[in-house]
Amino acid sequence: MSADVSKLLKKIEADDVKFIRLQFTDVLGMPKNAAIPAAQAEKSLTEGTWFDGSSIEGFTRIEESDMLLKADPASYATIPWRPQEGKVARFMCDVYTYGNKPFEGDPRYVLKKVMADAAKMGYVFNTGPELEFFLFNLVDGKPTTQFVDQGCYFDLAPQDKAEDVRRDIVLALNSMGFEIEMSHHEVAASQHEIDFKYADAVTTADRVMTFKFATKAIALKYGLHASFMAKPLAGI
């Protein structure tokens, strides 16, 4: 076990983390995760954690289903909207197959490979997306397309009825290592935007997945559904 892993294990213990989510992305860009007890963190950071890849969209066939999740130590963060007594943390993971080979269908690996090719040519590819989302009401626990407000670009309350939702999202992302640059109501009714600082494409891609995860989870606490669809309603 390396000194870095040993240091990280001590931090996990000091943070009172009891569960760790191992997060990765399928070929359709959907976030996936499995939870392990904190006692399994060392194994995940050194050997990896086996899982059934045949049930993940676009991964493997049933006869070659065993795949390995390898936690990226640099991606460690506690999840602030989960219970603070017996915390939950997360790692972004790379997917491997037998023989310790990176899985060719892992979007994170594909992006890393492109970044490495760019580096050989002397380039660094930075990205800084503007992530916009709609907040819709839930009815009987199911998402609808009912607007929460009729606010417009940069509106204040009472036209903007989601100030507290955005506030909680920003605070959560800050605690997970994001540098937030701005948040505001967008042009359409019930549409919002939160901007964070650019970084290399792999780091930004990880942050986009974390951003969506955080936004949907926090919106749910307010009885709302967050959608990142570009056009959830015709004409808007």
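The values are calculated or read from the model by the stated rules, or taken from the named source; none is laboratory data. Keep in mind that what you see is a predicted model, and the values were worked out from it rather than measured. Please note: Cβ atoms are built from the backbone with ideal geometry, for glycine as well, and neighbour counts cover all protein chains shown.
Within the stretch 195-236, work out how many residues are among the β-branched types (Val, Ile, Thr) and under 20 Å from Pro143 (Cβ atoms).
Final tally of qualifying residues: 3.
State all residues of the stretch 190-214 that are assigned to a loop (DSSP other than H, G, I, E, B) and buried (at least 20 other Cβ atoms within 10 Å of the Cβ); if no residue qualifies, say none.
Ser190
Output yes when any residue across the stretch 101-108 is in a strand (DSSP E or B) and surrounded by 16 or more Cβ atoms within 10 Å (Cβ to Cβ), and no when none is.
yes
Tally up the residues in the stretch 175-189 that are in a helix (DSSP H, G or I) and either among the aromatic types (Phe, Trp, Tyr) or touching a strand residue (DSSP E or B) at 6+ places or on another chain (Cβ under 6 Å) (or both), please.
Residues flagged as in a helix (DSSP H, G or I) and either among the aromatic types (Phe, Trp, Tyr) or touching a strand residue (DSSP E or B) at 6+ places or on another chain (Cβ under 6 Å) (or both) within the stretch 175-189 amount to 0.
Scan Asp4, Asp26, Asp15 and give me the residue that is modelled with pLDDT under 90, charged (D, E, K, R) and under 24 Å from Lys216 (Cβ atoms).
Exactly one residue qualifies, and that residue is Asp26.
Counting just the residues of the stretch 1-32 that are surrounded by fewer than 16 Cβ atoms within 10 Å (Cβ to Cβ) and of a type in the set (S, T, N, Q), which one comes out nearest to the chain's Cα centre (by Cα)?
Only one residue tops the list, namely Ser6.
Please verify whether the stretch 63-75 includes one or more residues that are at pLDDT below 90 and under 18 Å from the mean Cα position of the chain (by Cα).
The answer is no, given that none of the residues of the stretch 63-75 is at pLDDT below 90 and under 18 Å from the mean Cα position of the chain (by Cα).
For the stretch 126-162, how many residues are part of a strand (DSSP E or B) and acidic (Asp, Glu)?
Total satisfying the criteria: 2.
Given the structure, is Val165 within 27 Å of Arg90 (Cβ to Cβ) and not in a loop (DSSP other than H, G, I, E, B)?
In short, yes.
Determine the pairs where a residue that is at positive phi and surrounded by fewer than 18 Cβ atoms within 10 Å (Cβ to Cβ), located within the stretch 169-189, has a partner that is assigned to a loop (DSSP other than H, G, I, E, B) and hydroxyl-bearing (Ser, Thr, Tyr) with Cβ atoms under 6 Å apart, the partner being 6 or more residues away or on another chain.
From the stretch 169-189, no pairs qualify.
Quick one: how many residues across the stretch 190-225 are of a type in the set (A, V, I, L, M, F, W, C), under 11 Å from the mean Cα position of the chain (by Cα) and closer than 15 Å to Asp72 by Cβ?
Residues meeting the conditions: 2.
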